[in-house]
Amino acid sequence: MNENHAKLMPSPEWAAYIQDEVLPQATAGVELGTDLLELGPGPGAATAWLRRRVGRLVAVEHEEEAAGRLADRFAGTNVEVVHGDAAVLGYPDASVATCTMLHHVPTRALQDKVLAEAFRVLRPGGTFLGSDSLPSDDLHQFHEGDTCNPVEPAAFLTRLQTVGFAAITLHVSYHLVFTARKESTS
């Protein structure tokens, strides 16, 4: 992560945008259930909002230093922070969320592995929800010296379907916001 990125991500403006615009749209009409798995929480802008809507939130953060800061921030709450890989999860039967994390995954193949793993651990009838940044010059400049591999919305629909998701909704404006369900086994 570049120095500017580390300083800017936890800004109050970014948190407000995630909490006031992105998450309400992504969770509209979605039953999150008791357990939620958040992939790539970074500084926890989404974590702070999501944890108030579930009984237990497990935040899986790839960067060890960020995981430590997040664990300190949410100590004594319903949030468990795990330093780990979103492509290798050990938490079945949860709902799954990711907010502006996928563009930090360096290749499409690894992104697809994250999507497949999210599908695998998702409870039957559960929802995978999230958002990601869209390709732009500003995004690439902001991530100079850092991984920046944004998803293409048109291809993202097919990628979610290929993994097995159904009832997929994509909303494209300033960001990509999505929901995708895993069908019930009943």
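Shape class of region 89-134 from the alpha-carbon gyration tensor: oblate, with a/c at 1.5 or above and b/c at least as large as a/b. Here region 98-166 is treated as an ellipsoid with the same Cα gyration tensor; its semi-axes, largest first and in whole Å, are 24, 11, 11. Rolling a 1.4 Å probe over the protein heavy atoms gives the chain an accessible area of 48 Å² per residue. Annotation: amide H of Glu38 within the under-5 Å range of Val58, Ala59, Val60, Ala97, sequence separation 5 or more or interchain, hydrogens built in the peptide plane. Rounded is the label for region 1-132, because a/c, from the alpha-carbon gyration tensor with a ≥ b ≥ c as root eigenvalues, stays below 1.5. Dipole magnitude for region 25-77: about 320 debye, using +1 per Lys or Arg Cβ and -1 per Asp or Glu Cβ, origin at the Cα centre.
Comparing Leu39, Leu102, Leu170, which has the greatest mean-square fluctuation in the GNM of the chain with Cα pairs linked when under 10 Å apart? Most flexible of the set in this elastic network: Leu170. Coupling constants for region 173-181 follow from the phi torsions by the Karplus curve (6.51 cos²θ - 1.76 cosθ + 1.60, θ = phi - 60°), and in residue order they are 9, 6, 9, 8, 10, 9, 9, 8, 10 Hz; glycine and proline get x. D by Stokes-Einstein for region 44-95, Kirkwood Rh over Cα pairs, 37 °C, 0.692 mPa s: 289 µm²/s.
In region 127-178, how does Rg compare with the Kirkwood Rh, expressed as the Rg/Rh ratio over alpha carbon atoms?
Result: Rg/Rh = 1.02.
For region 51-186, the Cβ-based charge dipole about the Cα centre amounts to some 780 debye (Lys, Arg positive; Asp, Glu negative; other atoms uncharged).
The values are calculated or read from the model by the stated rules, or taken from the named source; none is laboratory data. Quick caveat, the model's predicted, so the values are computed rather than measured. Here Cβ is always computed from backbone atoms with ideal geometry, including for glycine, and neighbour counts include all displayed protein chains. The protein model used for the area step is the full one, side chains on, heavy atoms only, and it has no ligands, DNA or RNA in it. Shrake-Rupley method; radii C 1.70, N 1.55, O 1.52, S 1.80 Å.
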